[in-house]
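Since the structure comes first, as C-alpha cells, the remarks are kept for the end.
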Amino acid sequence: MYKLFKAALAVLFPFILTVLAATWYLNTYLNRELPLTEPTAVFVLAPGTGFSAMVNQLQGLGWVKQPRVLKLYGRLNPAAAEIKAGEYRFEKGATLAEMLAMMRAGDVVRHQLTLLEGWTVAQALLYLESQELLVKQALTNDSSLWEALGVDEPLATLPEGLFFPDTYDYHLNDQPSNILLRAYKRLQFVLNEEWEAREAGLPYENAYEALVMASIIEKETGVPEERAQIAGVFVRRLRMGMRLQTDPTVIYGLGDVYKGNLRGSHLRDEKNIYNTYKQQGLPPSPIALAGREAIHAALHPADGDAIFFVAKGDGTHAFSATLQEHEAAVKRYQLSQRKTNYRSAPPISEK
C-alpha cells in the first residue's frame, strides 16, 4: 500500500507542481499593468469581434505579450471570453485582468447629450442626427416615429412635445431611437406625477392638455418665477372663454413660412390651426418640449387677476388686469422703448 501511494505521489507531484506553476504564471500574467503611454486610453471593440480577434487587436496596440497565453486562457475559461462590444476607457495602472472584467461586464464609456426645453421634435431629431457617436437612423417627425421607437399606444398621434428635455447618457454606436424612447418614458413619468398632484378645478380634460399648456408656457418665458404667472393668465383666459392670443403657437403653425417677423396677416390667418388669435381654446398639440417646471406651472397657476402680459424686452413681462393697463404697457415697452436687443423671452441657450 505504501509503495502504491509512493508511486502515485511520484506521478502526481510533478503534475501538481506544473499546475501550481501555471496558475502562478497566469495570475502574474493577468495582473500585469497595461503598458499605456497616456493617463487614459480608449479601446473600441467592434460588434461581432471574438475573443481571439480581440487579443490580436491588443497585440497590435502593444498592450499584451505572449498572446497565445491569453487565447489559451480564453479557451480554457469560456465564461471569461464572453466579452461585449463597445468603447472602453482604461486608466494608467489598469491590469489585463481588470480590462477583461470590464469587457465581460460591458462597462463601456458613457457619453451625454441634452435635449433642451423649448425645442420642437424636429429640432431634437436634427440634434440627434448631428451626434457623430450615434449610429445614423432615419427618423421622421410624424406618426411613423412611434413604430421606430416600438411604442404601441402613444399619448398622442403627433410626437410633438412628447419627449422630456433632459440630459441622457449613451454609448458609442447607440441608436437615437433608444434615447428618444427613454425621453418619452421619462415624459410619461413626470407628466403623470405632476398630474396626480395638480390643483383642483383646472380647465384641462386630461394630462395631455396640461402638457399643451406647459409647452406654451415654455415658449413664452424662460424666467422661472414668471412661469406660474403666465400659466395664471392663460388659465383665466380659458375659464373666461377668451382666446389665448399667444404668438408662439402662431409661429409654430407657420412652420418654415415664418422668417423671424410675425405679421398682422399671420395673426389673421384662420387656416392656421395653431393660430390662437383666431382659434378658441388650446392648440391641437404641444408646440415644444416642456420641462418639469413648465408642467408644474401649468398645473399650479398663480392666483391673480391679470389676463394680459407684454414682453419688456429683457426676457421678463409686464402683467395687466385691464385692457387699458395692457395698452399702456405695450406703449411703454414695445412702442416707445424697443431696443435693438429686444427679446420677448430668453433664448433657449440661456435656459
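Restricting attention to the range 274-292, does a residue exist that is at pLDDT 95 or above, outside any loop (DSSP other than H, G, I, E, B) and open to solvent by 60 Å² or more (accessible area, probe 1.4 Å)?
Yes, there is a match, as at least one residue in the range 274-292 is at pLDDT 95 or above, outside any loop (DSSP other than H, G, I, E, B) and open to solvent by 60 Å² or more (accessible area, probe 1.4 Å).
Mind counting the residues in the range 187-206 that are open to solvent by 80 Å² or more (accessible area, probe 1.4 Å) and either touching a Cys at 6+ places or on another chain (Cβ under 6 Å) or among the aliphatic types (A, V, I, L, M) (or both)? It would help to see each step written out before you state the result.
Residues of the range 187-206 open to solvent by 80 Å² or more (accessible area, probe 1.4 Å): 189, 192-193, 196, 198, 200, 205.
After this cut, where a residue has to be either touching a Cys at 6+ places or on another chain (Cβ under 6 Å) or among the aliphatic types (A, V, I, L, M) (or both) as well, the list is 200.
The qualifying residues number 1.
Would the range 221-241 turn up any residue that is in contact with a Phe, Trp or Tyr (Cβ under 9 Å, 6 or more places away or on another chain), open to solvent by 20 Å² or more (accessible area, probe 1.4 Å) and either in a loop (DSSP other than H, G, I, E, B) or acidic (D, E) (or both)?
Looking through the range 221-241, none of the residues is in contact with a Phe, Trp or Tyr (Cβ under 9 Å, 6 or more places away or on another chain), open to solvent by 20 Å² or more (accessible area, probe 1.4 Å) and either in a loop (DSSP other than H, G, I, E, B) or acidic (D, E) (or both).
Just a yes or no: is a residue in the range 123-140 over 27 Å from L187 (Cα atoms), of a type in the set (K, R) and touching a helix residue (DSSP H, G or I) at 6+ places or on another chain (Cβ under 8 Å)?
Our first condition is that a residue be over 27 Å from L187 (Cα atoms); within the range 123-140, this holds for none.
Within the range 123-140, none of the residues are over 27 Å from L187 (Cα atoms), of a type in the set (K, R) and touching a helix residue (DSSP H, G or I) at 6+ places or on another chain (Cβ under 8 Å).
Check off (1) in contact with an Asp or Glu (Cβ under 9 Å, 6 or more places away or on another chain); (2) closer than 17 Å to V190 by Cβ for W119 and give me the number that stays unchecked.
Going through (1) in contact with an Asp or Glu (Cβ under 9 Å, 6 or more places away or on another chain); (2) closer than 17 Å to V190 by Cβ one by one, W119 breaks only (1).
Of the residues S130, S143, S177, only one is within 29 Å of E87 (Cβ to Cβ), open to solvent by 60 Å² or more (accessible area, probe 1.4 Å) and not acidic (D, E); which?
On the way: S143 fails: within 29 Å of E87 (Cβ to Cβ); S177 fails: open to solvent by 60 Å² or more (accessible area, probe 1.4 Å).
Result: S130 is the single residue among S130, S143, S177 that is within 29 Å of E87 (Cβ to Cβ), open to solvent by 60 Å² or more (accessible area, probe 1.4 Å) and not acidic (D, E).
Out of the residues in the range 97-116 meeting the condition of being among the hydrophobic types (A, V, I, L, M, F, W, C) and either touching an Asp or Glu at 6+ places or on another chain (Cβ under 8 Å) or open to solvent by 20 Å² or more (accessible area, probe 1.4 Å) (or both), tell me which one is farthest from T249 (Cα to Cα).
Step one: list which residues in the range 97-116 are among the hydrophobic types (A, V, I, L, M, F, W, C), which gives 97, 99-103, 105, 108-109, 113, 115-116.
Keeping just the survivors that are either touching an Asp or Glu at 6+ places or on another chain (Cβ under 8 Å) or open to solvent by 20 Å² or more (accessible area, probe 1.4 Å) (or both) gives 97, 101-102, 105, 108-109, 115-116.
Numbers: A97: 58, A101: 53, M102: 49, A105: 48, V108: 42, V109: 40, L115: 20, L116: 18 Å.
Across the range 97-116, the extreme among qualifying residues is A97.
Considering only residues that are open to solvent by 50 Å² or more (accessible area, probe 1.4 Å) and part of a loop (DSSP other than H, G, I, E, B), look in the range 243-268 and name the one that is nearest to A318 (Cα to Cα).
The qualifying residue nearest to A318 (Cα to Cα) is Q245.
Does the range 96-145 hold any residues that are more than 30 Å from S285 (Cα to Cα) and free of Cβ contacts under 8 Å to residues at least 40 places away in the same chain, and which are they? Spell out how you get there, then give the answer.
From the range 96-145, those more than 30 Å from S285 (Cα to Cα) are 96-111, 132-133; that's our starting set.
Within the range 96-145, E98, A101, M102, R104, A105, G106, D107, E132 qualify.
Is there a residue in the range 204-220 that is over 22 Å from L134 (Cβ atoms), in a loop (DSSP other than H, G, I, E, B), out of contact with any helix residue (DSSP H, G or I) (no Cβ under 6 Å at 6 or more places or on another chain) and not charged (D, E, K, R)?
Just the residues of the range 204-220 that are over 22 Å from L134 (Cβ atoms), to begin with: 204-220.
In the following step, the residues that additionally are in a loop (DSSP other than H, G, I, E, B) were identified as 204-206.
So of that shortlist, the ones also out of contact with any helix residue (DSSP H, G or I) (no Cβ under 6 Å at 6 or more places or on another chain) come out as 205-206.
Imposing the further condition that a residue be not charged (D, E, K, R) reduces the set to 206.
Yes, the conditions are met somewhere in the range 204-220.
If we scan the range 75-83, do we find a residue that is under 29 Å from Q131 (Cβ atoms), touching a Gly at 6+ places or on another chain (Cβ under 8 Å) and assigned to a loop (DSSP other than H, G, I, E, B)?
The answer is no; no qualifying residue exists.
In the range 293-330, what residues are open to solvent by 40 Å² or more (accessible area, probe 1.4 Å) and closer than 20 Å to L191 by Cβ?
Within the range 293-330, the subset open to solvent by 40 Å² or more (accessible area, probe 1.4 Å) is 293, 296, 300, 303-305, 312, 314, 319, 322-325, 327-328.
Passing the criteria: E293, H296, H300.
The values are calculated or read from the model by the stated rules, or taken from the named source; none is laboratory data. Please read these numbers as outputs of a predicted model, since none were measured by experiment. For neighbour counting, all protein chains shown are included, and Cβ atoms are generated from backbone atoms with ideal geometry for every residue, glycine included. Please note that ligands, DNA and RNA were not included when accessible areas were found on the heavy atoms of the full protein model with its side chains. Shrake-Rupley method; radii C 1.70, N 1.55, O 1.52, S 1.80 Å.
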